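Asks: For reference, the structure I am asking about is given below.
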Amino acid sequence: MRILVVEDEPKVASFIKRGLEQAQNVVDVATTAAEADYLVSIQEYDLVVLDCMLPDEDGRKLCRRLRLRGVDVPVLILTAKDSTADKVLGLDSGADDYLTKPFAFTELLARVRALGRRRGRPLLQPLAVADLCIDPVRRRVMRGGRNIALTPKEYALLELLVRHAGQVVTRAEIIEQVWDMHFDPTSNIVDVMIKMLRDKIDRNFELKLIRTVRGAGYMIEDQS
Ligand code: CA
């Protein structure tokens, strides 16, 4: 999932970002409500993890404003405010879930998965191309019945290609979907990542799934 973490405390923000990335998510961080508002308006997120006490505005105010604007991204409020009144206020502002600090990371991850499922998009159905299978819920990849361990970025890249099987995915699309937004498109990082992915997905198999489309990008043939 692509997740926006809104948190002004740098240590907490990087802790949450790291943990969510290890669980195969792509994570952006905003440190103010204004920055979060801007990012949500230019980028589609699957989830916003929102702190209440931000330097420029109460996170719940931001949440209410987003809802008034028709932004329906799931919002999980993550805050030290743990009174019942605070929770009610948070949920009434349009948030979908509420977790108080300090929290156990496993609980945060479980809630993130639950919110992803509740979104009810077909994004969580298993995907298959030839003998390659992806389970988006567990972020598990198998080829020829064998588990293949991928890094979060490799997984995100593979899932993107598989979801668009039969279509060319351009480098620009890959950069936008797989990397955080401030990425230098002149860098060769996409090609490097494709090579690493091929080493894991294709090298030991006769049928090569990842194809380079010269001058355009990459694609996985639709084998069905
Ligand atoms: Ca704060």
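The values are calculated or read from the model by the stated rules, or taken from the named source; none is laboratory data. Just so you know, these numbers come straight off a predicted model, no measurement behind them. Note: ideal-geometry Cβ built from the backbone for every residue, glycine included; neighbour counts use all protein chains shown.
Asks: Please verify whether residue 69 is surrounded by fewer than 17 Cβ atoms within 10 Å (Cβ to Cβ), modelled with pLDDT under 90 and in the same structural domain as residue 35 (by TED's automatic domain parsing), treating the condition exactly as stated.
Replies: The answer is yes for residue 69.
Asks: I'd like to know if region 142-151 contains one or more residues that are assigned to a helix (DSSP H, G or I), surrounded by fewer than 17 Cβ atoms within 10 Å (Cβ to Cβ) and free of Cβ contacts under 8 Å to residues at least 40 places away in the same chain.
Replies: No, region 142-151 contains no residue that is assigned to a helix (DSSP H, G or I), surrounded by fewer than 17 Cβ atoms within 10 Å (Cβ to Cβ) and free of Cβ contacts under 8 Å to residues at least 40 places away in the same chain.
Asks: Regarding residue 59, is this residue crowded, with 20+ Cβ neighbours inside 10 Å, more than 27 Å from residue 135 (Cβ to Cβ), in contact (Cβ under 8 Å) with a residue 40 or more places away in the chain and not assigned by TED's automatic domain parsing to the domain that holds residue 175?
Replies: Numbers: crowded, with 20+ Cβ neighbours inside 10 Å: yes; more than 27 Å from residue 135 (Cβ to Cβ): yes; in contact (Cβ under 8 Å) with a residue 40 or more places away in the chain: yes; not assigned by TED's automatic domain parsing to the domain that holds residue 175: yes.
Answer is yes for this residue.
Asks: Let me confirm something: among 54, 115, which residue is in contact (Cβ under 8 Å) with a residue 24 or more places away in the chain, surrounded by 14 or more Cβ atoms within 10 Å (Cβ to Cβ) and closer than 30 Å to residue 165 by Cα?
Replies: None of the other options fit; the residue is 115.
Asks: Being surrounded by 17 or more Cβ atoms within 10 Å (Cβ to Cβ), in contact with a Pro (Cβ under 7 Å, 6 or more places away or on another chain) and part of a helix (DSSP H, G or I) narrows it down to one of 175, 134, 194, so name that one. Even if it seems obvious, please write down each step before you answer.
Replies: On the way: 134 fails: part of a helix (DSSP H, G or I); 194 fails: in contact with a Pro (Cβ under 7 Å, 6 or more places away or on another chain).
Testing whether each residue is surrounded by 17 or more Cβ atoms within 10 Å (Cβ to Cβ), in contact with a Pro (Cβ under 7 Å, 6 or more places away or on another chain) and part of a helix (DSSP H, G or I) leaves just 175.
Asks: Applying the selection to region 140-164, what residues are touching a Leu at 6+ places or on another chain (Cβ under 8 Å) and either of a type outside the set (Val, Ile, Thr) or at pLDDT below 90 (or both)?
Replies: Correct list: 142, 143, 150, 154, 157, 158, 159, 163.
Asks: Another one. Those residues that are part of a helix (DSSP H, G or I) and within 16 Å of the ligand (Cβ to nearest atom), I need them from region 1-36; list them, please.
Replies: 10, 11, 12, 13, 14, 15, 16, 17, 33, 34, 35, 36, listed by residue number.
Asks: Within region 42-72, count every residue that is aromatic (Phe, Trp, Tyr) and either within 17 Å of residue 92 (Cα to Cα) or within 14 Å of the ligand (Cβ to nearest atom) (or both).
Replies: Number satisfying all stated conditions: 0.
Asks: Continuing with the same structure: For region 81-93, name all the residues that are over 18 Å from residue 12 (Cβ atoms), touching a strand residue (DSSP E or B) at 6+ places or on another chain (Cβ under 7 Å) and not aliphatic (A, V, I, L, M).
Replies: 87
Asks: I've got another one for you. Of all residues being hydroxyl-bearing (Ser, Thr, Tyr) and surrounded by fewer than 12 Cβ atoms within 10 Å (Cβ to Cβ) in region 78-112, which is nearest to residue 54 (Cα to Cα)? Just the residue, please. Steps first, please.
Replies: We begin by selecting, within region 78-112, every residue hydroxyl-bearing (Ser, Thr, Tyr); these are 79, 83-84, 93, 98, 100, 106.
The next check asks that each one be surrounded by fewer than 12 Cβ atoms within 10 Å (Cβ to Cβ); those that pass are 83-84, 106.
Working: 83: 18, 84: 20, 106: 24 Å.
Among residues in region 78-112 that are hydroxyl-bearing (Ser, Thr, Tyr) and surrounded by fewer than 12 Cβ atoms within 10 Å (Cβ to Cβ), the one nearest to residue 54 (Cα to Cα) is 83.
Asks: Here is a follow-up. Confirm whether residue 172 is touching a strand residue (DSSP E or B) at 6+ places or on another chain (Cβ under 9 Å) and closer than 21 Å to residue 25 by Cβ.
Replies: no
Asks: Sticking with this structure for a sec: Does residue 82 fit the bill of being modelled with pLDDT of 95 or more, more than 17 Å from the chain's Cα centre (by Cα) and either outside any helix (DSSP H, G or I) or polar (S, T, N, Q) (or both)?
Replies: In short, no.
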